[in-house]
Each structure stands twice: as C-alpha cells, then as structure tokens.
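For reference, the structure is listed below as structure tokens.
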Amino acid sequence: MQSPVIGTTRTKPPFRCDLVGSFLRPPELIEARKLHREGLLSDEGLTELETAEIIKLIDRQKEVGLSVVTDGEYRRSWWHLDFFFGVEGTEKIDLNVAAGRAEAKQRAETFRVSNKISFGDHPMLRHFESLRELAAGSGMMPKMTIPSPSLFHFVQRYNGGEAYSNDEELFADIVQVYRDTIQAFYDAGCRYLQMDDTSWGTLCSLLHRTQLRSQGTDPDQLAADYVRLINESIALRPSDMTIALHVCRGNFHSTWFASGGYEPVAEALFGGCKVDVFFLEYDNERAGGFEPLRFIQDQFVVLGLVTTKHGGLESKEALKARIAEASAFVPLDQLCLSTQCGFASTEEGNLLTEDEQWEKIRLVVETAAEVWSQ
C-alpha cells in the first residue's frame, strides 16, 4: 500500500495528534476521592490535591509534544454524569440503592430530569477556568470535554420524570441549556469544546437498534432528531470556537457495550451534523470499515486508531496504512490522529499502566508527525 500523501501541520484545532480527554487517575487522587466520599477530606482539600495533580499532568502533556491539553477529567468522577448533575433541574439516582443493592461494590449512578432544566451556575466552568490558568504559558490549547445534548436526552429517557409533557418541550430546553453552556465556556476563554456521545455508538449497533424498535422507537427517526438537537444546540457558537463530537461505544474500566460500524447513521450524522470535527473510534473490527466516511462534508475526522482498552503498542506502519485507507474517503488534509477514547472515562480507569498510557500518546504524536510533516 502506498504511503499517504504528505499533508500539513496545524496550529489550531483539531490538531494532527489530538486527545479525547481523560487520563488515568494517579493513586493519590483515587485515595483522596475515597476519603472525600467518606467525609474524611474536605472539598477544599480535594480541590487542592486535584490541582496539584493537574499541574503534573499538564507538564507531562507538554513534555510528550502535544499541542492540546486537558485536565484529564481529574475533577470529575464520571465523564458524563458530573456535567448532567450540574445542570439545574436534574437529580442524581443511585441505581444500587434503587435496586436494593446498598452494599454493591461497583458504583452505579445515573440522573433524571426532576424540574425544568437550565444551565445555571455550572461547576465545570470553574474546572475550565482553572485549566486555562494552569496551562497559561505552556503553548498548548486548553480543551474542554462535556457530554452531548443528544446523550442528555438519551440517558434521561430511561429514567422517567414529569417535568415535561412531551419531547419537543424537553428538546427546546436542552437546546437552551447547551447554547448557554457554549457561550459560558466561550466567555471563560474556551475555544475548543468536545462533546462526547455514546448514543451514536448505540445507534450503530444492530442489537441496540432492534431493542429500540421493540420499545416502539424508530432508530432512524431518533438519529434524525439527534442531528437536529445537536445542530440547534451549536447554531449560535462563535465563529472562532471549534466544536467536536466524539462517538463512543462505551469505555467503563476497559469494557464496551455497543458494536457495529457507522453505516446505519453515516448519512444522517456525517452528512447532516454541523460540528467542526468528528472523533471516531477505529481501533478494532467493532467499528467497521472506513466506507461510511464517504458522507463526510467539510468536517475534520480524527481517527481513533490507537486503543485505550489495554496496553501494547500498535505498529506505526500499520497506523500509517490505515490512515492511507481512510484517505480514500476523506482527504488526508481533513484527517488527524488520536487514541480511540480516553484512558479513564470514569475514575476507575482502564486496564493499563500509566507508562503504557504515555507510550500510546507518544505513538500518536510520533506517527502524526511523520504522516503530516511539512
């Protein structure tokens, strides 16, 4: 197979070597969170330790050669629920308690809409402001990750609630929450916002599509509704703010819950969704082939070719070959490279070591530099 045509480096997002966002929590932070839950560490004490660990993480990201920096999601427990819990009008559900499993060892939580929702004074604004301040002078662009508006709807639909009489009313308020979210982060200095979404991974799965139909939901109509929901949510974004959508098939402690290529949603999602960037998992056969990328318009595609599920490095030459395959459907200049997902979508983290984590990041950096060097 021929090598990819030489592309160009980038000085604005997305970057040729990019990040999905989360990093393995250091043991000190895991222990601190445990003490905090037990009431043995104050809010201030936890925040202080989080900040100290984020400073180390920023230094490590700079050292490895990244142009983008995140806080590793160190200040949250769940990649998505912490954001949802912070939206006014929602409430936390402990699924273990609800099911009578008070002594269960594995955390199981979700949320429901209990009242009319609004963005309010969301705590994650301060998370980003801290990252921006800590990364100042590093030469790297701070990136914020939040769950998508479509995922908000997808998760809450299973949990009841009587605050809204129909979906259109709820859709309208979700749109307003996300418009306020985007503007608030922009005002706080954010120019790179990523929305993470497992609902699209579900809509790629034949098993889950069959389950949805059995529940009276048309998965194709849901896909169309979710494209509309995302587009309306981001419609007023400032012109100098990059918004990405990361499609995920599950990443809890190296597990996954959905399997299937992008073909069932490709035309609706890639052809209709107005985000600037798609982060797409392509680390194994569960993601299918690159053919669905034929529907991509002028968006960038960040190929998640390096797995975060386990240690062991992919072959650099194999990565280059797969980038070349993808470039048959999307021009090389619209492609970038990343890991398939974060390393710790929840505080438990995936089943690999910190050394293996950084080896994978270094592989992404080196491969991207060789493919897109000027």
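Going highest first, how would you order 38-48, 81-91 by mean Cβ packing within 10 Å? Spell out each step's value before the answer.
Numbers: 38-48: 11.5, 81-91: 18.9.
Highest mean packing first, the order is 81-91, 38-48.
Pop out the carbon and sulfur fraction of the accessible area of the chain as a percent, whole number, probe 1.4 Å. Let's see the in-between values first.
Details: 7820 of 15530 Å².
For the chain, the apolar C and S fraction of the accessible surface comes to 50 percent.
How much length would be gained if the chain were fully extended between L313 and E91, taking 0.36 nm per residue of separation minus their Cα-Cα distance, in nm to one decimal?
Value of the extension gain: 75.8 nm.
Can you pull the one-decimal nm distance between simple spin-label points at D180 and D121, each 7 Å off the Cα toward Cβ?
If labels sit at D180 and D121, their model points lie 1.3 nm apart.
State in Å² the accessible area per residue of the chain; use a 1.4 Å probe, count heavy atoms of protein chains only, and round to the nearest integer. Walk me through the numbers before you get to the answer.
Details: 15530 Å² over 374 residues.
Counting only protein heavy atoms, the per-residue value for the chain is 42 Å².
What are the semi-axes of the equivalent ellipsoid of the chain, taken as the square roots of 5 times the eigenvalues of the Cα gyration tensor, listed largest first and rounded to whole Å? Intermediate values should be presented prior to the final figure.
On the way: eigenvalues 175, 136, 83 Å².
In descending order the semi-axes read 30, 26, 20 Å.
On a full-extension model of 0.36 nm per residue, what is the gain between D355 and E162, subtracting their alpha-carbon distance, rounded to one decimal in nm? Walk me through the numbers before you get to the answer.
Details: separation 193, 0.36 × 193 = 69.48 nm, distance 4.78 nm.
Answer, rounded to one decimal: 64.7 nm.
Expressed in nm to one decimal, what extension gain is obtained for the pair K62 and R213 from 0.36 nm per residue of sequence separation less their Cα-Cα distance? Provide the component values of the computation, followed by the final result.
Details: separation 151, 0.36 × 151 = 54.36 nm, distance 4.71 nm.
Net length gain for the segment: 49.6 nm.
Going down the table (K56/K143; K62/K320; K274/K320), which pairs top 20 Å between alpha carbons? Write down the numbers at each step before the final one.
On the way: K56/K143 17 Å; K62/K320 24 Å; K274/K320 28 Å.
Flagged as over cut-off: K62/K320; K274/K320.
Over the chain, what relative contact order in percent results from Cα pairs under 8 Å that are six or more residues apart? Walk me through the numbers before you get to the answer.
Working: 666 pairs, mean separation 85.0, N = 374.
It rounds to 23 percent for the chain.
What does DSSP give for the range 86-245 in terms of the percent of beta bridges that are antiparallel, rounded to the nearest 5?
Details: 6 of 14 bridges.
The answer is about 45 percent antiparallel.
So how far apart, in nm, are the two label points at N231 and K274 if each is 7 Å from Cα heading toward Cβ?
Each label point is offset 7 Å from its Cα along the Cβ direction, giving 0.7 nm.
When the Cα atoms of the range 44-84 are enclosed in a convex hull and the volume is divided per residue, what value in Å³ results? Display every interim value, and only then the final one.
Values: hull volume 2.8 nm³, N = 41.
Considering the Cα atoms of the range 44-84, their hull volume per residue is 69 Å³.
Per residue of the range 269-275, in order, report the coupling 6.51 cos²θ - 1.76 cosθ + 1.60 (Karplus, θ = phi - 60°) as ³J(HN,Hα) in whole Hz, putting x for Gly and Pro.
Those phi angles translate into 6, 6, x, x, 7, 9, 5 Hz.
Starting from the alpha-carbon convex hull of the range 38-192, give the projected area averaged over all orientations, in nm².
Values: hull surface 42.9 nm².
Seen from a random direction, the Cα hull of the range 38-192 projects 10.7 nm² on average.
Can you put R132, R322, R249 in order of accessible area, largest first, using a 1.4 Å probe?
Details: R132 85, R322 65, R249 0 Å².
The ranking, largest first, comes out as R132, R322, R249.
The values are calculated or read from the model by the stated rules, or taken from the named source; none is laboratory data. Here the structure is a predicted model, which means the values were calculated and not measured. Virtual Cβ from ideal backbone geometry, glycine too; neighbours counted across all protein chains shown. Accessible surface areas use protein heavy atoms only, side chains included; no ligands, DNA or RNA. Shrake-Rupley method; radii C 1.70, N 1.55, O 1.52, S 1.80 Å.
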